[in-house]
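Encoded as structure tokens, the structure appears first; notes follow it.
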Amino acid sequence: MTTPTRAARRRIGPLEAVGNALSLASRNVTKLRKNPDALVDVTLQPLLMLFMFTFLFSGAIAGGDRDGYLQQLVPGLLVFSPLFVTIGTGVALCTDISKGFFDRLRSLPIARSAPLAGIVIGDVARYFLSVAVVLGVGTLMGFRIQTNPLAVLLAVVLMIAFGLSVCWMAILAGILVRTPAAVPGVLIGAVMPLSFGSNVFAPAETMPGWLQVWVNINPVTLMTDVNRSLLLGEGSLTGPLLGGLAWMAGFVVVFFPLSMRAYRRRLGR
């Protein structure tokens, strides 16, 4: 008689592994459809930042030029939004592990990487929604795209890719941290320096010289410059794009193997 453990250890081909991951990704999408409350972090948080900085702080930061500030803020919030969404990814993963969902998956003949890959693929819908909300509401508030639909599409695709690369940092935290309530506190420690230590909310030139060194190489700054080039036609595209892609590859190269190693250790594989 074949035991569940032996079945789980059978060799899984690449195509079958992709199928396993897509099946588990569909579970995450179904959860979102049945539980719209899970989308609060995707929609409410970016909108709060959009409203707060446009109406409360634009006078102090941009000297009262609210419309001009909004043109610079929206491309930056398109980067901030998927970065913030990854916190929810870490919390959801830690919740599933603590409730024993991943232990139940061990009895199934699926690829070892499928549960984590399923989470990552399933979150594409959350990244897209967060970007669409910022772009849509920003347009209603007065943001105007100065380029063309193809450039907008490229910006959206790059923001989703940015979320997919940065999320491996959140996945590692979701595995290592023991309780879901502690995950946001850990990830905020990484998300805040990345988002506020950038040129999303204020020009780098207004910051101390030592801080500008970090701001100018920050991946959020680079991707914000990419968005401003694609959506507004401002500045160079090639340099920031290459730098942003290098950061995205670095996130995956560093955090993907660490996440898989932590995943195997925590589940005792």
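The values are calculated or read from the model by the stated rules, or taken from the named source; none is laboratory data. Bear in mind the structure is a predicted one, so any value in this text is a computation, not a measurement. For neighbour counting, all protein chains shown are included, and Cβ atoms are generated from backbone atoms with ideal geometry for every residue, glycine included. Ligands, DNA and RNA are excluded from the accessible area calculation, which covers all protein heavy atoms including side chains. Shrake-Rupley method; radii C 1.70, N 1.55, O 1.52, S 1.80 Å.
The criterion of at least 1 residues that are farther than 23 Å from Val137 by Cβ and touching a helix residue (DSSP H, G or I) at 6+ places or on another chain (Cβ under 8 Å) is met, among helices (runs of 4 or more DSSP H) falling completely within region 9-126, by 14-34, 66-98, 101-105, 114-122.
Is one or more of the residues making up region 219-232 over 25 Å from Thr54 (Cα atoms), open to solvent by 10 Å² or more (accessible area, probe 1.4 Å) and either among the small types (Gly, Ala, Ser) or modelled with pLDDT of 95 or more (or both)? Within region 219-232 (the criterion being over 25 Å from Thr54 (Cα atoms), open to solvent by 10 Å² or more (accessible area, probe 1.4 Å) and either among the small types (Gly, Ala, Ser) or modelled with pLDDT of 95 or more (or both)), the answer is no, since none of the residues qualifies. Which members of region 233-269 meet the condition of being small (Gly, Ala, Ser) and open to solvent by less than 50 Å² (accessible area, probe 1.4 Å)? Hits for region 233-269 are Gly239, Gly243, Gly244, Gly250, Ser259, Ala262. Quick check, is Val213 more than 30 Å from Ala114 (Cβ to Cβ), at pLDDT below 95 and open to solvent by 20 Å² or more (accessible area, probe 1.4 Å)? So Val213 passes the test.
Being of a type in the set (A, V, I, L, M, F, W, C), surrounded by 15 or more Cβ atoms within 10 Å (Cβ to Cβ) and within 18 Å of Leu187 (Cβ to Cβ) holds for only one residue in Phe84, Phe53, Phe102, Phe128, and it is Phe84. For the residues Ala173, Ala161, Ala181, the requirement of being open to solvent by less than 30 Å² (accessible area, probe 1.4 Å) and either in contact with a helix residue (DSSP H, G or I) (Cβ under 7 Å, 6 or more places away or on another chain) or assigned to a helix (DSSP H, G or I) (or both) singles out Ala173. For region 17-30, residues that are within 20 Å of the chain's Cα centre (by Cα) and free of Cβ contacts under 8 Å to residues at least 12 places away in the same chain total 1. Within region 218-239, residues that are within 19 Å of Gly197 (Cβ to Cβ) and touching a residue at least 40 places away in the same chain (Cβ under 8 Å) sit with their Cβ atoms under 8 Å from residues that are among the charged types (D, E, K, R) and open to solvent by 30 Å² or more (accessible area, probe 1.4 Å), at 6+ positions apart or across chains, in these pairs: Arg228/Glu234.
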